[in-house]
Amino acid sequence: MIGKLINSSVIIVFSTLIGLEMAKRYVARTKELSAMQGALSRLETEIVHYASRLPEALNMIGQSIGGGTGKLFCLTAKSLNDKKCTVSEAWRSSLDNLKDELHLQQEDLDILRRFGDQLGSSDREGQVKFIQLTLMQLREEEKKARAAREKYEKMYRSLGLLGGIALAIILL
Amino acid sequence: MSASYEIKESALSWQEPVLEALPEHIRKMIKGIPKALRQDLEEIRIRENRPLMVHSHGRDYFVCKDGSIGSNYEIAYRVTAEDTRKILQLIADYSIYAFEEEIRNGYITLRGGHRVGMAGKIVMENGSIRTMKYINSFNIRISREVIGAADKIMPYIVSGRDICHTLILSPPQMGKTTLLRDIARKLSDGFPGFRGIKVGIVDERSEIAGCWQGIPQRRVGMRTDVLDSCPKATGIMMMIRSMSPKVIITDEIGRPEDAAAIQETLNAGIRIIASAHAADIQDALARPFLSKLLESKVFERIAVLGDSLGVGTLEKVYDSDCTTQLLGQPIR
C-alpha cells in the first residue's frame with residue numbers, strides 16, 4: 001500500500017513538473033521576445049544618437065540586460081572583437097550557439113537571422129529602417145506568443161497535474 | 001625632456017592596426033612578404049577581381065597566395081567580392097553607420113593614423129555627395145612619422161621666445177604634413193633653449209595628428225590639443241575661444257573663410273603656422289586667395305618645400321615681403 005502511494009505520488013509530481021515546464025516555455029518565449037525588442041530599441045538609440053561602434057554597443061547593452069538576449073549580444077560582440085568574421089557570421093553563430101538556451105521558435109529565429117545580415121552594414125537611416133522593421137515583426141510574434149500563452153499555459157499546468165493523477169489511477 | 005614618454009617606432013609597428021583591417025587570409029599574405037619590402041611598405045592596393053598589390057621602394061609588386069612577390073599578375077592573388085565586403089566592415093569596425101561622413105569624404109583613418117582611401121559608386125543628392133556604394137577599391141596608406149623633420153626649419157620660425165606667423169608652400173607629396181606635425185611636436189614639447197608652449201591643431205583631414213576615435217596617433221607633443229575632422233575656419237575660432245593656444249597649426253588653407261579666421265587669430269595675439277598647395281612663391285602669388293594673403297603681409301615667414309635634395313627639402317625661406325630670401329641654399 002505504502003509502495004503504491006509512493007509510486008503514484010512520484011508519477012504525479014513528475015507529470016506536474018513536466019506540465020509546468022511546458023507552460024514555462026510559453027512564458028519564457030514572450031519574455032524573451034519582449035526583452036529582444038527592448039534591446040533592439042536601445043541599440044537603435046546607440047546607433048542613431050551616439051554613433052557608437054557596434055561591438056562596444058552590443059557588449060554594453062548585453063551586459064546591462066542580461067539573460068539569454070544579453071548573452072546573445074555579448075557573444076556577438078566578443079566574436080566581432082576577434083576581427084575574424086563579418087557581423088552576419090558572428091550574429092548567426094551566436095544565435096546557433098544559444099538556440100537551446102533560448103525559448104524562441106523557428107519563426108523568431110528567422111527574423112533575428114535576417115536582422116543580423118543587415119546589422120552595421122548601412123548608414124544610419126538604413127539601420128533605423130531595419131531595426132524598425134525587425135521590431136515590428138517581433139511585436140507581431142510577441143502578440144502570437146501571448147495568445148498561445150493564454151491558451152496553453154494554464155492548460156499545460158492543469159494537464160500535468162490531472163494527467164499525473166489519471167496515470168496513477170490507471171497504472172496502480 | 002620629451003624622451004621619457006616617447007616610444008621608438010620600429011619599422012614594422014604599422015603592421016598590427018593595418019593587418020587588423022584585412023581578412024585573415026590576406027593578413028597572412030602580407031605577413032609573408034619579404035621583410036625588406038615590408039619594412040618600407042607604402043601602400044596596400046586592393047581592387048575587386050584584380051590582383052592584390054603592394055607599393056614599396058617606389059614601385060608596385062603583385063602578391064601571391066603564399067605572400068611571395070612577383071611581377072607576373074597571372075599568379076597573383078585575386079581579390080574577391082567577399083574580401084572587399086569584409087574589408088569595409090573591418091575598417092569601419094563593423095559600424096558603417098558611424099562613418100557616414102568619412103565614407104562621403106572617401107577615406108577612413110585606422111588606429112595608428114593610417115589612412116584607407118576608398119572608391120566605388122557615388123550617390124548624389126541635391127548636387128552633393130550623399131554616400132558611396134559598391135565600394136570595391138581600397139588604398140591602405142601606411143603612414144610613418146619623421147621625427148626631426150622640422151629640425152632645419154625651427155631656427156627660421158622661432159626667434160627667442162617668439163614664433164613667427166609661418167606659411168609652408170609645397171607641391172603635393174613633399175612632406176608638408178610631416179613637417180607641420182614635427183613643428184607642432186617641437187613647439188609643444190620644447191627643445192634646448194625653448195620652453196614648450198600650448199599648441200592647437202585644427203586637423204580637418206585627420207592627417208596631421210592621425211586621430212583615431214579622437215586620440216592623436218602621431219606624436220604631436222604633450223601640450224598639443226587637436227580638433228579632429230573640424231572645418232578649418234570654425235575650428236580655429238573654437239580653438240581660440242576654448243583652448244587658449246599660443247600657436248595654431250592647420251593645413252591646406254585656401255578658402256575665403258580661412259582668411260577671416262586667420263585675421264581673428266592675429267587679433268587674439270595667437271601665432272599661426274599653416275600650409276598651402278603651391279609649387280613656389282610665384283605660383284602662390286598667381287592664386288587669388290594666396291596672393292591676397294601674402295600681400296597683406298600676415299605671414300612673417302614663407303617656407304617653400306621641394307625635392308631638389310630628396311623629398312622634404314627646405315628650398316627657400318622668404319621674409320614677409322615675399323622677396324627677401326633668408327636661406328642661403330636648399331637644406332634637408
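Quick note: the coordinates plus some simple rules give every number you see, no bench work behind them. Small disclaimer: the values here were computed from a predicted structure and weren't measured. Here the Cβ is made from the backbone with ideal geometry for all residues, glycine too, and neighbour counts use every protein chain on show.
Each of B:His25, B:His277 was scored by other Cβ atoms within 10 Å of its Cβ. Arranged with the fewest first, they read B:His25, B:His277.
From Cα pairs below 8 angstrom and at least 6 apart in sequence, can you work out the relative contact order of chain A, rounded to a whole percent?
On the way: 188 pairs, mean separation 72.3, N = 172.
Reported as a whole number, the value is 42 percent.
Label-to-label distance for B:Val311 and B:Lys297 is 3.8 nm, based on points extended 7 Å past Cα in the beta-carbon direction. Exposure proxy shown here: for B:Met124, B:Met238, the number of other Cβ atoms within 10 Å sets the order, fewest to most, as B:Met124, B:Met238. Packing here is the average count of other Cβ atoms within 10 Å per residue, and on that basis the peptides B:189-198, B:111-120, highest first, run B:111-120, B:189-198.
Distance between the modelled labels on B:Phe289 and B:Glu42, one decimal in nanometres: 2.7 nm (7 Å Cα→Cβ projection). Listed by Cβ neighbour count within 10 Å, with the fewest neighbours leading, A:Leu5, B:Leu290, A:Leu119 appear as A:Leu5, B:Leu290, A:Leu119.
For A:Ser93 and B:Val146, a Förster radius of 41 Å and the Cβ-Cβ distance give a FRET efficiency of 0.40, rounded to the nearest 0.05. Taken residue by residue and averaged, Cβ atoms of other chains lying within 10 Å of the Cβ of B:93-106 number 6. Straightening the chain between A:Leu109 and A:Ile169 buys 17.5 nm, computed as 0.36 nm per residue apart minus the Cα-Cα spacing.
Using a 10 Å cut-off around each Cβ of peptide A:85-92, what is the average number of partner chain Cβ atoms that fall inside?
Working: counts 6, 8, 4, 2, 1, 1, 0, 0.
The mean count of partner-chain Cβ atoms within 10 Å per residue comes to 3.
Between B:Leu327 and B:Thr234, the modelled labels are 3.5 nm apart [label points 7 Å from Cα along Cα→Cβ]. Rounded, prolate or oblate: pick one for region B:1-133, where a ≥ b ≥ c are the square roots of the eigenvalues of its C-alpha gyration tensor, a/c under 1.5 means rounded, and failing that, prolate if a/b is larger than b/c, else oblate. Oblate shape, in that a/c is at least 1.5 and b/c is the bigger or equal ratio. Shielding value for A:123-131 is 3, the average number of Cβ atoms from other chains within 10 Å of each residue's Cβ. Normalised by the number of residues in region B:1-110, the mean separation of alpha-carbon contacts (under 8 Å, six or more apart) gives a relative contact order of 22 percent. Mean residue ellipticity at 222 nm, helices only, chain B: -7500 deg cm²/dmol; runs of at least 4 DSSP H residues each add -39,500 (n - 2.57), and the sum is divided by the number of residues. Taking a ≥ b ≥ c as the square roots of the Cα gyration tensor eigenvalues, the protein assembly as shown comes out prolate, since a/c reaches at least 1.5 and a/b is larger than b/c. Over chain A, DSSP H runs of length four or greater, each weighted -39,500 (n - 2.57), average out per residue to a 222 nm ellipticity of -30500 deg cm²/dmol.
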